[in-house]
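The values are calculated or read from the model by the stated rules, or taken from the named source; none is laboratory data. Bear in mind that the values here come from a model prediction, so they are computed numbers and not experimental data. Note: ideal-geometry Cβ built from the backbone for every residue, glycine included; neighbour counts use all protein chains shown. Heavy atoms of the whole protein, side chains included, go into the accessibility calculation; ligands, DNA and RNA do not. Shrake-Rupley method; radii C 1.70, N 1.55, O 1.52, S 1.80 Å.
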Amino acid sequence: MLNIENLHVTVAGREVLKGINLSIEAGKVHAIMGPNGSGKSTLSYVLAGREGYDITGGKVAFMGQDLLQMAPEDRASAGLFLAFQYPVEIPGVSTTTFLKTAINALRKKRGEKELEPVQFLKLQKEKLTQLGMDPEMLKRGVNVGFSGGEKKRNEVLQMAMLEPKLAILDETDSGLDIDALKTVAEGVNNLRSPTRSFLIITHYQRLLNYIKPDVVHVLARGKIQKTGGPELALLLEEQGYAGFYGDGEAA
Amino acid sequence: MSPTANFMQKEQTVAAALPWLADAALLEKQKSPPWLRALRETGAEQFAQTGLPTTAREGWQHTNLRPLTSIKFHYSTEAVKFDARKLPQKLLEQSDCIVLVNGQYQPHLSTIPDGITVMSLMEAAEKKVEGLEEYIVSLGDLQEAPLKALNTAYVRDGIVLKVQAGKEIRRPLEILLYNTGNSSHAPAIYPRILYCLGDNSTLTLLERHTGEGVYLANSYTGVVQESSSCLKMYKFEEESCAAYHFSFFSLQQHKDSIFEGFSCATGGQVVREEYQNQLIDSGISSSLNGVYLLQGRQSHDFAVLMDHFGPDGKSAQHFRGVIDDQARAIFQGKIHVRRSAQKTDGHQSGRALLLSDQAEADFKPELEIYADDVKCGHDAASGHLDEAALFYLQSRGISKAEARALLIQSFLNAALEHVTFAPVKKVYEERIRLWLAR
Ligand SMILES: Nc1ncnc2c1ncn2[C@@H]1O[C@H](COP(=O)(O)OP(=O)(O)O)[C@@H](O)[C@H]1O
Ligand SMILES: [Mg+2]
């Protein structure tokens, strides 16, 4: 599904990713854990295609395609989804309009027919209820006036509606109380399937109690320092990231 | 400055103004009532004293009229020749339409609904239509508005439109002001339009300014709204890209009347739309909003004055501009609350989205308040498209072009949402869509 080879990325003149190697197979859940500032969000943005990152080496293949050559919208229609650590507010564009535009853009790219308004509303309502979200939110501007938890749920709602092949969740757990955390985890678990993969980025082990990962990686100093099974997350919880820190990184 | 120097400078201004008044003598030969001749003379004298406004003049700092001086414009009293098949289609299917070509009323191309009378300005002057002389003569200060003075020097073309008291005109009425010219013969067009709405009448107008080639359209629109009348006036400023458009709009609103105005400006090279709304009595609502979509080297100035005389008045101005290339948008909005205008509620807002590094927006909000119990506010800001929002939309599969369009449309919607007549709102949305896909 995803194959990252020796990826080097420089941000604002500083090398942040110093040779990442990571391979995710279909149906697998991988977790990346690491101290703050270790480059987790940088990796997620580079995969999603945000501008401002200088890719100085390496390559990324996604579903057999050269991911780094693709425009962000093409990555999305190929099946990549990023749940943002800091979801963006878009005043004036209602959440419903946003979701409808996105879902129809994806369908069009895949050569499918646009959803009828009734079909769309039905789908939206179904997913909304599953995630325990207030329908009022749909009328407001995207993420405008949303609490931290509401923003994260909105990311999961989008993921549920867009049905990606690979979902990257960047600290979707941070700032959530235990109930919200469970709902988000349930949202993810509902989507798990043999053809869908996840890359769960998190600072804490907590979320991984609810979403069982197949593989856990430790990212620090711009590299994957260690790879293991779920037990690695528990070990980190006990021992912290001591020993993994690099410059500018903190627990 | 010595008195001689001052005098010399004045002489120069007069001399420079003369080319602009060169053809005014043609009107001498026309049949018109003495008061109208006197009025033209006053206009010409006033204009000769000021000439075209320069950027040194208050309120004109950002609109440069210098390019105008290199073109020789001609005024003609002859009936304009044009190909009627070239006139644009109506904007709405269900509407009546009045056509003016180069300012001249074309009755045979117009359909007038019941309850409305329409005449050319000269016909109205000959027939001594009630209140016309008084209204046209009480122009306000010509010295304050040089282009209004210039228009007055040539007062002849245009129409007088009256809505009978108590009449509710259901079908929207389109006023097509079509202009045609070319660079070897660039016409100067000076239409004067008068809309009078009787007590308790209602009217929905679509005023479309458009044309082809090079020309100067210097129009003056006067509106009188009697008590409890309601006017919705939707303007389309879609002049040819080589044209100059200077319009002066003067509105007198009486007790409990409602005015809802909107202008969607996409055309012209150098454009200024000036609006002066007078809220004369109590309980008046006046709202004037607009969007500008500018590109190339266009320059567009909205200069709006909401002048509150009576108490319990409400006024609103919402303007949104999307400015590309080296274009320039100017918004000068003023709320003037006189001592007698207690409980006034006035708001104005101007925002611009700059799509290029060389695009420019100049905003000058102004409040002048003499009453103590009022609620007035203003805001103005300009900025660029939000890159983070663009990426967020793209990351959900929306193409960059569509994401930009979505963000721009939502930005403009803050002005557009004040258009309460849905069929026109749709036409405006379509205009915006076309501009974005250009
Ligand atoms: N746009 C940027 N400009 C400058 N520095 C950046 C930018 N984005 C990230 N960085 C730096 O790159 C490093 C990694 O950041 P980030 O990927 O956000 O880490 P994490 O998500 O693991 O906390 C940090 O030192 C951060 O300051
Ligand atoms: Mg991060």
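Return the total of residues in the range A:93-126 being within 9 Å of chain B (Cβ to nearest Cβ) and touching a strand residue (DSSP E or B) at 6+ places or on another chain (Cβ under 6 Å).
2
Could you look through the range A:69-91, keep only residues that are open to solvent by 20 Å² or more (accessible area, probe 1.4 Å) and touching a strand residue (DSSP E or B) at 6+ places or on another chain (Cβ under 6 Å), and pick out the one that is farthest from the other protein chains (Cβ to nearest Cβ)?
So the residue we want is A:85.
Yes or no, residue by residue, for (1) open to solvent by 10 Å² or more (accessible area, probe 1.4 Å); (2) free of Cβ contacts under 8 Å to residues at least 12 places away in the same chain; (3) out of contact with any Pro (no Cβ under 7 Å at 6 or more places or on another chain); (4) not in a helix (DSSP H, G or I):
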site: B:130; (1), (2), (3), (4): yes, yes, yes, yes
site: B:135; (1), (2), (3), (4): yes, no, yes, no
site: B:141; (1), (2), (3), (4): yes, yes, yes, yes
site: B:147; (1), (2), (3), (4): yes, no, yes, no
site: B:160; (1), (2), (3), (4): no, no, yes, yes
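Answer yes if at least one residue in the range B:400-413 is closer than 21 Å to residue B:346 by Cα and at pLDDT below 95, and no otherwise.
Within the range B:400-413 (the criterion being closer than 21 Å to residue B:346 by Cα and at pLDDT below 95), the answer is yes, since at least one residue qualifies.
Are any residues in the range A:35-57 closer than 15 Å to residue A:6 by Cα, surrounded by fewer than 18 Cβ atoms within 10 Å (Cβ to Cβ) and either of a type outside the set (S, T, N, Q) or within 13 Å of ligand 1 (Cβ to nearest atom) (or both), and if so, which ones?
Those that are closer than 15 Å to residue A:6 by Cα, surrounded by fewer than 18 Cβ atoms within 10 Å (Cβ to Cβ) and either of a type outside the set (S, T, N, Q) or within 13 Å of ligand 1 (Cβ to nearest atom) (or both): A:54, A:55, A:57.
Quick one: in the range B:330-370, which of the residues that are hydrophobic (A, V, I, L, M, F, W, C) and touching a Phe, Trp or Tyr at 6+ places or on another chain (Cβ under 9 Å) is nearest to residue B:385 (Cα to Cα)?
So the residue we want is B:353.
Out of (1) more than 18 Å from the chain's Cα centre (by Cα); (2) of a type outside the set (S, T, N, Q); (3) not in a strand (DSSP E or B), what's the single condition that is false for residue B:118?
(3)
Here is a list: A:240, A:222. Which entry is buried (at least 22 other Cβ atoms within 10 Å of the Cβ) and within 16 Å of ligand 1 (Cβ to nearest atom)?
A:222
Which count do you get for residues in the range A:77-124 that are under 19 Å from residue A:146 (Cβ atoms), small (Gly, Ala, Ser) and either free of Cβ contacts under 8 Å to residues at least 12 places away in the same chain or touching a Pro at 6+ places or on another chain (Cβ under 6 Å) (or both)?
Number of matching residues: 0.
Test of understanding: among B:345, B:372, B:386, which residue is over 26 Å from residue B:255 (Cβ atoms) and of a type in the set (Asp, Glu)? Can you show your working first?
Values: B:345 fails: over 26 Å from residue B:255 (Cβ atoms); B:372 fails: over 26 Å from residue B:255 (Cβ atoms).
From the options B:345, B:372, B:386, the qualifying one is B:386.
Mind checking which residues of the range B:255-275 are among the polar types (S, T, N, Q) and over 10 Å from the mean Cα position of the chain (by Cα)?
B:257, B:266, B:269
Checking residue B:357 against (1) in contact (Cβ under 8 Å) with a residue 12 or more places away in the chain; (2) assigned to a loop (DSSP other than H, G, I, E, B); (3) more than 20 Å from residue B:259 (Cα to Cα), which test does it fail?
Looking at each condition in turn, residue B:357 falls short on (1).
Would you check if there is a residue in the range A:52-61 being more than 13 Å from ligand 2 (Cβ to nearest atom) and either within 23 Å of residue A:233 (Cα to Cα) or within 14 Å of chain B (Cβ to nearest Cβ) (or both)?
At the first step, the residues of the range A:52-61 found to be more than 13 Å from ligand 2 (Cβ to nearest atom) are A:52-61.
After this cut, where a residue has to be either within 23 Å of residue A:233 (Cα to Cα) or within 14 Å of chain B (Cβ to nearest Cβ) (or both) as well, the list is A:52-53.
Looking for residues that are more than 13 Å from ligand 2 (Cβ to nearest atom) and either within 23 Å of residue A:233 (Cα to Cα) or within 14 Å of chain B (Cβ to nearest Cβ) (or both), one finds at least one in the range A:52-61, hence yes.
Would you please name the residue that is surrounded by the fewest Cβ atoms within 10 Å (Cβ to Cβ), looking only at residues in the range B:409-433 that are at the interface with chain A (Cβ under 10 Å from one of its Cβ atoms) and out of contact with any Ser or Thr (no Cβ under 9 Å at 6 or more places or on another chain)? Spell out the reasoning first.
In the first step, residues of the range B:409-433 are kept if they are at the interface with chain A (Cβ under 10 Å from one of its Cβ atoms); the result is B:409-414, B:417.
Okay, now just the ones that are also out of contact with any Ser or Thr (no Cβ under 9 Å at 6 or more places or on another chain), so B:409, B:411-413, B:417.
Working: B:409: 18, B:411: 23, B:412: 25, B:413: 16, B:417: 12.
It comes out as B:417.
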